[in-house]
Amino acid sequence: MSTAGEDDDARRSALAAALKLRNANLLRFAGASATDASRGASRASETFEVKNPATNATLATVLSTPRAAISDVLRRSEDAQKVWATEFSAHARGKVIRRWFELVEANAEDLARIMTAEQGKPLIESRGEVAYAASFLEWFAEEGKRVYGDVVPSSSTGTRIMVVKQPVGVTAAITPWNFPLAMITRKAGAALAAGCSMVVKPSEETPLSAFALGVLAEQAGCPDGVLQFIVGDPSAIGAALCESPVVRKITFTGSTRVGKLLMKQSADTVKRVSMELGGNAPFVVCADADVDAAVQGAMASKFRNAGQTCVCAQRFIVHASVEAEFVQKLADAASALVMGDGLENEDATQGPLINAAHAEKVDSHVRDAMSKGAVCHTGGKRAHGSFYEPTVLSKCTEDMLVMREETFGPVAAVTTFVDDAEAIRIANATTAGLASYVYTSDVKRTFYFSEKLDFGIVGVNTGAISTAQAPFGGTKESGIGREGGKDGVHEYVEQKYVCVGGL
């Protein structure tokens, strides 16, 4: 008779074979609870299934982290952070992060296949995300060395003033399913570079990608307890992390509603927070724009990951003089997308939505728009399972859900404007303030829109805006703080003022 451990090994081997992985060890923590993943210790009793959204087939059964075990996880994180910050220099920490980057690159194809299986995005997009995720590790491997302090001239000759920067301490990250690798490396790379430890709670939809990252971090030399993963009930785990006095910072990428809840739960312990929340991105196409380039940028921004990104163009605000041309060309391009399971068809360019419930939400937005006078040029309905047809709507008005809310799906809602001031008014008429886009060939308009758009990110004549070198974040209800760039690591340090007198 086989043991439970032997059965787990057999299931992991079968999944690795089904996904055609070269490195089956990446699934070593699949089916493990947080304590298993960090120390091979206690096992949880509750489980949840991880499904392939393209087929609804079960990929793995994962053990949840019991809430009672979280305190042990945090205690180990606290102990490990002290060692990581004091016994590993910034240079030594950078070497570990650099090795992690190299291992992610070396296992890129396997990581992409795991991601496509559990998240659904086409394989070509998963490969792109692996490279994007790795870029944050490469960047932050160097940034920890650049956390400089200051020597400030004193008003007294017998006094010296210094400002030093020290790690915040134990941090916790709650990450989403739409970018299951990159949203972890963008946070963990910065935290580890600063000398913090991190407990990551990945989405229950996509834990396998997170566990694979954990395997590679361990292989890179990340000490036990510095980076841990916990999975399971998001409400219970989120509350436990926010309420714990051990955790000194919470970083979250996800919906505005949940972000507000986490901020409230963190208030009693006065935690630092970084919040990257929902968006409702405008995509302005001016009369002088290169329409073909605008369509190309719109396709990259709107239909990547089936529209399931926080920076997706949501509202297409097009000058009336070029609307007909833009809509026709966008509809033609959208209708040419190939829906399919990325593991079965590598030519697929549009994957499923994360689950059937989300597909129904997207469809409700389209039905609302159609009932209020929108014109559908392509798509407009659910396909099989969790798939939704790439959709282009015109004649959209500001009372429609597709204009007021974040659809988070492959639906392009087009409205028109006649002057620049009207375009700005429509674009800024939202409580969200993450990403925005404008296409124009006029230099004056470039500066006008980049200054008037009330968003944390403005893409001018490009639909691809995310990069490790730049600060990523939003204004208004789209978040607090910045990730990436030279500012990213500073989200994880505290300033300490030291005054030395009697000299």
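Within the same chain, aspartates and glutamates fewer than 8 places from Lys95 are excluded, and of the rest, those with a Cα less than 20 Å from its Cα are Glu87, Glu105, Glu138, Glu142, Glu143, Glu218, Asp224. Of the residues Ala470, Leu27, Val163, the one whose Cα sits farthest towards the positive end of the charge dipole of the chain is Val163 (charges of +1 on Lys and Arg Cβ, -1 on Asp and Glu Cβ, taken about the Cα centre). Candidate cross-link partners of Lys476 among the lysines, defined by an alpha-carbon separation under 16 Å and a same-chain spacing of 8 or more, comprise Lys260, Lys452.
On alpha-carbon atoms, Rg over Rh for the chain using Kirkwood Rh? On the Cα set of the chain, Rg over Rh gives 1.00.
With the simple model of a label 7 Å out from the Cα in the direction of the Cβ, Val500 to Thr86 spans 2.1 nm. In units of the rule-of-thumb radius 2.2 N^0.38 Å, the stretch 222-281 shows an alpha carbon radius of gyration of 1.19. Straightening the chain between Ala383 and Asp224 buys 52.7 nm, computed as 0.36 nm per residue apart minus the Cα-Cα spacing.
With +1 on each Lys and Arg Cβ and -1 on each Asp and Glu Cβ, and nothing else charged, work out how big the dipole of the chain is about its Cα centre, in Debye to the nearest 20.
Using only the charged Cβ atoms, the result is roughly 1300 debye.
Legend: distances between Cα atoms for Lys145/Lys187; Lys302/Lys444; Lys329/Lys381; Lys264/Lys381; Lys145/Lys264; Lys249/Lys486; pairs beyond 29 Å are Lys264/Lys381; Lys145/Lys264. Could you state, as a whole-number percent, how many of the C-alpha pairs of the stretch 342-385 are farther apart than 13 Å? Tail fraction, whole percent: 62.
Where a ≥ b ≥ c are the square roots of the eigenvalues of the C-alpha gyration tensor, would you call the stretch 188-252 rounded, which needs a/c under 1.5, or, failing that, prolate if a/b is larger than b/c, or oblate?
Note, shape of the stretch 188-252 comes out oblate.
Counted over all Cα-Cα pairs of the stretch 274-346, pairs farther apart than 19 Å make up 41 percent.
Residues of the stretch 224-265 with the amide nitrogen closer than 18 Å to a label point 7 Å from the Cα of Arg67, along Cα-to-Cβ, please. Residues 230-247, 261-265 qualify, since their backbone N sits under 18 Å from the label point.
Can I get the semi-axes of the stretch 364-503's equivalent ellipsoid? Compute them from the C-alpha gyration tensor as square roots of 5 times the eigenvalues, in angstrom, largest first.
38, 20, 14
When each of the peptides 358-365, 122-129, 56-63 is scored by how many other beta carbons lie within 10 Å of its residues on average, the order from highest to lowest is 122-129, 358-365, 56-63. A Förster distance of 35 Å, applied to the separation of the beta-carbon atoms of Val338 and Ala236, puts the FRET efficiency at 0.30. Semi-axes of the equivalent ellipsoid for the stretch 177-324, computed as √(5λ) from the eigenvalues of its C-alpha gyration tensor and ordered from largest down, come to 36, 19, 13 Å.
Largest first, the extents of the alpha carbon coordinates of the stretch 68-142 on the three principal axes equal 42, 36, 14 Å.
A DSSP coil position with no more than 13 other Cβ atoms inside 10 Å describes the following trypsin sites (Lys or Arg not before Pro) in the stretch 370-411: Lys381. Measuring between their Cα centroids, the stretch 52-103 and the stretch 450-483 lie 28 Å from each other.
The equivalent ellipsoid that matches the C-alpha gyration tensor of the stretch 240-380 spans semi-axes of 36, 19, 15 angstrom, in descending order. Taking Cα centre as origin and charging only the Cβ of basic (Lys, Arg, +1) and acidic (Asp, Glu, -1) residues, the dipole magnitude of the stretch 281-467 rounds to 320 debye.
Projected onto its three principal axes, the C-alpha set of the stretch 281-467 covers 47, 35, 29 Å, listed from the longest axis down. Label-to-label distance, Asn428 versus Ala470, with points set 7 angstrom from Cα along the beta-carbon direction: 2.1 nm. For the stretch 446-503, the alpha carbon positions stretch 58, 23, 23 Å along the principal axes, listed from largest to smallest.
No lab work stands behind these numbers, since they all come straight from the coordinates. Nothing here was measured: the structure is a model prediction, and the numbers come from that model. Note that each Cβ is placed from the backbone with ideal geometry, even for glycine, and that neighbours are counted across all protein chains shown.
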